[in-house]
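Report on the structure given below.
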Amino acid sequence: MAALTGKERVMKMFQKEPIDRMPCFSGQGTVTVQAIEKMGTQFSKIHNDAELMAGAALTSARLWDLDGLVIPFDMAAVAEAMGRGVSLYDAAEGIIYPTVPNKWRDLDEISVPEDFMSKGRMPIIDDAFKILKKDAPDLAIGAWVLGPFTFGGQIMELDILLKGLKKKKEQTEAFLSQMTKVTIDLCKHYESLGVDFICVREMGSGTDLLSPRMWKTLIGPNLKLVFDAISVPSINHICGSTDMIIEMMHECGADALSVDQKNNLVETREKVGNDVLLLGNFDPYGTLTTMEDTAEVADVIKKCIDDGVDSVWPGCDIWPDVKKENMETYVQTVKEYGAKASPAVKRI
Amino acid sequence: MATKEELLEELIEAVVEYEEEDCVEAAQKVLDNPDVITPMEGVLDGLAAGMEKVGVLFDTHEYFVPEVLMCADALYAGLDILRPHIEKDDSASKASVVLGSVQGDVHDIGKNLVKMMFDIAGWDVYDLGRDVPLEDFVEKQLDTGSDVLAMSAMMTTTMLGMKKVIAMVKEKNPDCLIMLGGAPLTRDVANLFGADGYAESAGNAVSEGIKMIGNLRKYEKGEIA
Ligand code: B12
C-alpha cells in the first residue's frame with residue numbers, strides 16, 4: 001500500500017479513521033526562521049505578500065516534512081481590515097508579530113464595516129490560500145481564526161471588554177453576538193477557498209482571565225454557534241489554564257480539542273473519554289527554541305503521546321526562531337513514537 | 001459621627017465590591033472628617049487595604065481578572081478624590097517611575113495593575129502604555145529624570161528587548177534604577193539582564209522600588225559598596 005499523503009493522514013485523523021502513524025502538523029503557526037532565510041526574506045515581510053505568505057508556510061512544511069500547514073501567521077489581519085491599523089515592525093530587529101495599534105475605546109464606537117473581507121490584507125490571505133491549494137495538494141491546508149471573544153479584544157480594548165462582561169452585560173453580549181457572526185462569516189469564507197480544516201483560537205478566554213462561570217454563559221454558547229456553522233474539520237483551541245473548562249469546551253462541538261502545557265492532559269483524557277480527538281500540549285518556545293539537548297525534546301514529545309494526545313500540537317504558535325535539531329527531533333519523535341495507535345485514532 | 005474604623009471599612013468594602021460611586025462617597029466622607037482620619041490613612045488603610053483583600057480573592061479563584069479591573073476602577077475613583085488633599089511630605093520625597101510594556105508586547109493588564117500600586121503609593125507615574133519602542137523608554141527616563149524605570153513583558157521573546165533598553169539607559173544614566181516584571185521573568189533573568197529590581201506581582205512592585213531607591217541612597221552615602 002502506498003504511504004498516505006500528509007493531507008490524507010490529517011483528514012483521516014479528523015474522521016477518526018485508522019492511519020499509518022500520528023500526523024505532525026498544527027493549527028497554530030508553524031513558520032520557522034530557517035524557511036524564511038532559505039527564501040531570502042524577513043519575518044516582517046511574510047504577512048504582507050501572498051507569495052511570501054504561502055511560500056513561508058510551504059517552505060517550512062517541506063523543510064521539516066510536516067503533514068499540514070496553516071496561514072495567516074498573525075492575529076491582526078481582520079482588525080486591520082476593520083480599520084484598526086497594523087504595526088508590522090519592519091525596522092525592528094528580530095521577530096515581532098504584527099499588532100493592532102488603534103483599538104476602539106468603547107462599545108458605542110464600534111462599527112464593523114460590511115466589506116471588511118475585501119480590505120487590508122484580507123485579499124492577500126485569500127491569494128495565499130489559492131497559491132497553497134495549487135502548490136501543496138498533498139498537504140492539509142488549514143486556516144485559523146480567533147474566537148469571538150478574543151477577536152473582540154483585538155478590535156476594542158480588552159480591559160473595557162472584560163469589565164463590560166460584568167457591568168454592561170446586555171450590550172457586551174450583543175457585541176459578542178456580532179463578533180460571533182463575523183467569526184462565522186470568516187470561517188465560511190475560508191471554507192469557500194477550500195481549506196481542509198479550521199482552528200478556532202479563543203485564546204484570551206482561559207481561566208487565567210475569566211471565571212468558569214463566565215465562560216459558560218458568555219464564551220461557550222458563542223463558540224458552539226461557530227462550530228455548528230463550520231462544515232470542515234474544526235479545532236477548539238484555548239491556551240493558558242483550561243482544566244476547569246475542558247468539559248465545557250468539549251460541549252461546544254468541535255471535531256478536536258487543543259490545549260497547551262498548562263492543561264493536565266491525563267486528567268483531561270479521563271474527563272472527555274477516549275473517543276474525543278485531543279491535540280497538544282507542549283510549550284513551543286520552551287521546547288523548540290530553548291532546549292539545549294535533543295533528548296530532552298524527545299522526552300517532551302513522548303510525554304504528550306503518553307499522556308494521550310491524538311496529535312502532538314504546540315500549545316501556541318511555534319516560535320519561528322527554533323533550533324534546527326530540536327525541530328527535527330520533534331518531527332522524528334512524532335513519526336516514530338507516534339507509530340502506535342492513539343486513544344481516538346487506530347492504526348492501519 | 002463616623003469613627004475611623006467605620007470610614008476605612010466603607011472604603012475597603014467599596015473597593016472589594018467594585019462600587020465606584022460608593023468609593024467616591026466614602027472618600028468624600030474621609031475629607032469631611034479631618035478630625036478622625038487623614039486622606040493618607042484613607043488611601044493606605046482604606047483603598048490599598050481593600051485592594052489587598054482583592055488580591056486574596058484573586059489568588060483563591062473567587063475573583064478573576066474582570067472583577068480585579070473593576071475593583072481598580074473603584075479604587076481610582078476614591079484616589080482621585082483623596083490624593084489632591086494629601087500633604088506633600090518632603091521627608092518621604094516623592095519618587096517617580098517611568099513605566100510601560102516593551103515593544104512588540106500588547107499585554108498590558110498586569111502592567112496597569114503595577115501602575116495602580118505606584119499611584120496608590122503617591123509616586124509620580126509616567127505611563128508610556130504598551131508596545132513602547134525601546135528608545136522611548138530611554139528618552140522618557142532622561143527627560144523626567146525618574147528614579148525608576150519599570151518595564152513589563154509577557155512574552156519570552158519581547159522580554160529580550162528589556163536587555164537592550166537597560167544597556168542604553170545605563171550608558172546614559174548609570175544612576176537610573178531599573179525594575180522588571182511580567183510572567184516570563186524571574187529574578188535571575190532580571191539580574192542577568194542587568195536590572196536592579198524585580199517583582200513577581202503588582203503587590204510587591206512598590207516595596208521593591210522603595211528598596212532599590214533605599215539601596216542607591218545608601219550606596220551614594222558610602223554605606224554599602
Ligand atoms: C490576556 C492575554 C492576551 C491578550 C492581551 C490583552 C491585553 N490588553 O493585555 C491578547 C489576546 C491580545 C493576547 C495576545 C497574544 N498573546 Co497572550 N496572553 C494573555 C493571557 C491569557 C493573560 C495575561 C494577563 O493579562 N494576565 C493577568 C495579569 C494580571 O497578570 P500578569 O500579566 O502576569 O501581570 C502580573 C505580574 O506578571 C506582574 N507584572 C507584570 N508586569 C510587570 C511589570 C513590572 C515592572 C513588575 C514589577 C511586575 C509586573 O504583576 C502583574 C500583577 O500582579 C496570558 C496567559 C497567562 N496565563 O499569563 C497569555 C500569554 C501571555 N500570551 C501569549 C502569547 C504567545 C500571545 C500571542 C503571541 C498569541 C499569538 N499567537 O498571536 C499574542 C501576542 C500579542 C502581543 N504581540 O503582545 C503567551 C506568551 C508565551 C511566552 N512565554 O512567550 C501566554 C503566556 C499564553 C501562552 N500560554 O502561550 N494575549
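The values are calculated or read from the model by the stated rules, or taken from the named source; none is laboratory data. A quick note: this is a predicted structure, and the numbers were derived from the prediction, not measured. We place every Cβ from the backbone using ideal geometry, glycine too, and count neighbours over all the protein chains shown.
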**Asked** Taking the stretch B:179-205, which residues are more than 9 Å from the ligand (Cβ to nearest atom) and within 17 Å of the chain's Cα centre (by Cα)?
**Response** B:D196
**Message:** Cβ contacts < 7 Å: first residue within 7 Å of another protein chain (Cβ to nearest Cβ), restricted to the stretch B:149-160; second residue of a type outside the set (G, A, S) and more than 6 Å from the ligand (Cβ to nearest atom), any location; separation 6+ or different chain. Result?
**Reply:** B:T157/A:I95; B:T157/A:W319
**Asked** Which one of A:D243, A:D228 is more than 14 Å from the chain's Cα centre (by Cα), of a type in the set (D, E, K, R) and away from every other protein chain (no Cβ under 14 Å)?
**Response** A:D228
**Prompt:** Among (1) in a loop (DSSP other than H, G, I, E, B); (2) free of Cβ contacts under 8 Å to residues at least 60 places away in the same chain; (3) not acidic (D, E), where does B:L180 come up short?
**Reply:** (1)
**Request:** State whether the residues of the stretch B:124-143 include one that is crowded, with 22+ Cβ neighbours inside 10 Å, in contact (Cβ under 8 Å) with a residue 60 or more places away in the chain and either assigned by TED's automatic domain parsing to the domain that holds B:A77 or assigned to a strand (DSSP E or B) (or both).
**Result:** no
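How many residues, within the stretch B:45-76, are among the aliphatic types (A, V, I, L, M) and touching a residue at least 60 places away in the same chain (Cβ under 8 Å)?
5
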**Message:** Condition first: hydrophobic (A, V, I, L, M, F, W, C), within 14 Å of chain A (Cβ to nearest Cβ) and surrounded by fewer than 20 Cβ atoms within 10 Å (Cβ to Cβ). Now tell me which residues in the stretch B:38-67 satisfy that.
**Reply:** B:L57, B:F58
**Message:** Go through (1) surrounded by 18 or more Cβ atoms within 10 Å (Cβ to Cβ); (2) aliphatic (A, V, I, L, M); (3) under 28 Å from A:G164 (Cβ atoms); (4) away from chain B (no Cβ under 14 Å) for A:L107 and report which single condition fails.
**Reply:** (1)
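Kindly evaluate B:G110 against the criterion of being within 12 Å of the chain's Cα centre (by Cα), outside any helix (DSSP H, G or I) and either within 16 Å of the ligand (Cβ to nearest atom) or more than 21 Å from A:K163 (Cβ to Cβ) (or both). Before the answer, list the steps.
Values: within 12 Å of the chain's Cα centre (by Cα): yes; outside any helix (DSSP H, G or I): no; either within 16 Å of the ligand (Cβ to nearest atom) or more than 21 Å from A:K163 (Cβ to Cβ) (or both): yes.
No.
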**Request:** Quick one: A:S60 ticks every box in (1) within 16 Å of the ligand (Cβ to nearest atom); (2) surrounded by fewer than 24 Cβ atoms within 10 Å (Cβ to Cβ) except a single one, so which number is it?
**Result:** (2)
**Message:** Against the condition surrounded by 22 or more Cβ atoms within 10 Å (Cβ to Cβ) and either away from the ligand (no atom under 14 Å from the Cβ) or over 19 Å from the mean Cα position of the chain (by Cα) (or both), how does B:G161 come out, does it pass?
**Reply:** yes
**Asked** When only residues in the stretch A:255-287 that are surrounded by fewer than 20 Cβ atoms within 10 Å (Cβ to Cβ) and among the small types (G, A, S) count, which is farthest from the other protein chains (Cβ to nearest Cβ)?
**Response** A:G273
**Asked** Taking the stretch A:153-171, which residues are among the charged types (D, E, K, R) and either more than 13 Å from the ligand (Cβ to nearest atom) or over 20 Å from B:D108 (Cβ atoms) (or both)?
**Response** A:K166, A:K167, A:K168, A:K169, A:E170
